[in-house]
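S.K.: Supplied in structure tokens, the structure appears directly below.
Each value in this text was obtained by applying a stated rule to the coordinates, not by laboratory testing. Here the structure is a predicted model, which is why all the values come from computation and not from measurement. Heads up, the Cβs are rebuilt from the backbone with ideal geometry, glycines too, and the neighbour counts pull from every protein chain shown.
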Amino acid sequence: MIRIRRSALATGVFFILCGVSAVAMDPRSIVNNREGLKLLQEKKPSEAQQKFLEALIKDPLEAGLHFNLALTYDLLGQVDKAQSSYKTSLDLAQDDEIKFRADFNLGLIEQKQKKVDEALAYYQEALKYHPDSNETKINIELLTQENQGKKGQNGDDKDQKQKDQDQKDQNKEGQDQKDKKDDKKDQEQKKKEYAPQKPQPRKFKSEELTQGDVNKILGEIKQQEQKIRAEFNKKEVKEKPRDKDW
């Protein structure tokens, strides 16, 4: 088995160029796999991919062939196909080394897609086969820190949103109170506008009368007094009793 490992800060893809068991395998599959490994080492993933596909035609249950094929898909950015081939190699593998590398690379794919829970699950599986893997432990730590940072950021965002909402509620309450005061003022103003007007007594202005008017009014008052006095005297004489003449 030939192994090549490339790791950039424990986040690069693990390349394990798996050989094949050669037990009960078609000779042509063995040749194609060797040629594919050589092409991968020469950084020719497209040509290597074709060799692994040809090998799988004869030996479709060989886990090492599926893993090598997954590597070519991974290098070419064909993520869905890479995931599918890695999972197939996991299902067929009897070799713990293949299982470890497949789980690690699947975890890395999920990590690149920001799928924290899925990536952590694959890394935990990888540790079952290699508990001392520093690369896997580092990636788990990086994911954990990233996840905690997101939770903290979400919490800050939530707090800020709550503050913004509280401020909006306060502004709305203040505006409602202002509107109520304005409505009350409008109602009071309308009452004043539409209230019936009471007749106001006309103020007497002495400067409006002339001296002749004054003399006339005084004369009329004097005549009324004389008339009342004459009627009173008549009534008094009529009611006075007569003296006896005997």
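S.K.: Run the simple label-point estimate for LYS137 and ILE221 please: 7 Å along Cα→C-beta, distance reported in nm.
M.R.: According to this spin-label approximation, the distance is 12.5 nm.
S.K.: In nm, give the distance between the simple-model label positions of GLN175 and LYS163, each being 7 Å from the Cα along the Cα-to-Cβ direction.
M.R.: Computed distance between label sites GLN175 and LYS163 equals 2.2 nm.
S.K.: Then there is this: Quick one: compute the contact order of region 27-146, relative version, from alpha carbon pairs under 8 angstrom and 6+ residues apart, as a percent. Show your work: numbers first, answer last.
M.R.: Details: 149 pairs, mean separation 19.3, N = 120.
With pairs under 8 Å counted, the relative contact order is 16 percent.
S.K.: Tell me the label-point distance for the pair VAL214, LEU76, using the 7 Å Cα-to-Cβ offset, in nm and rounded to one decimal.
M.R.: The modelled label-to-label distance comes out at 12.8 nm.
S.K.: While we're here: Through the Karplus equation 6.51 cos²θ - 1.76 cosθ + 1.60, θ set to phi - 60°, convert the phi angles of region 66-78 into ³J(HN,Hα) values in whole Hz; use x for Gly and Pro.
M.R.: Once θ is set to phi - 60°, the couplings for region 66-78 become 5, 5, 4, 5, 4, 4, 5, 4, 4, 5, 8, x, 8 Hz.
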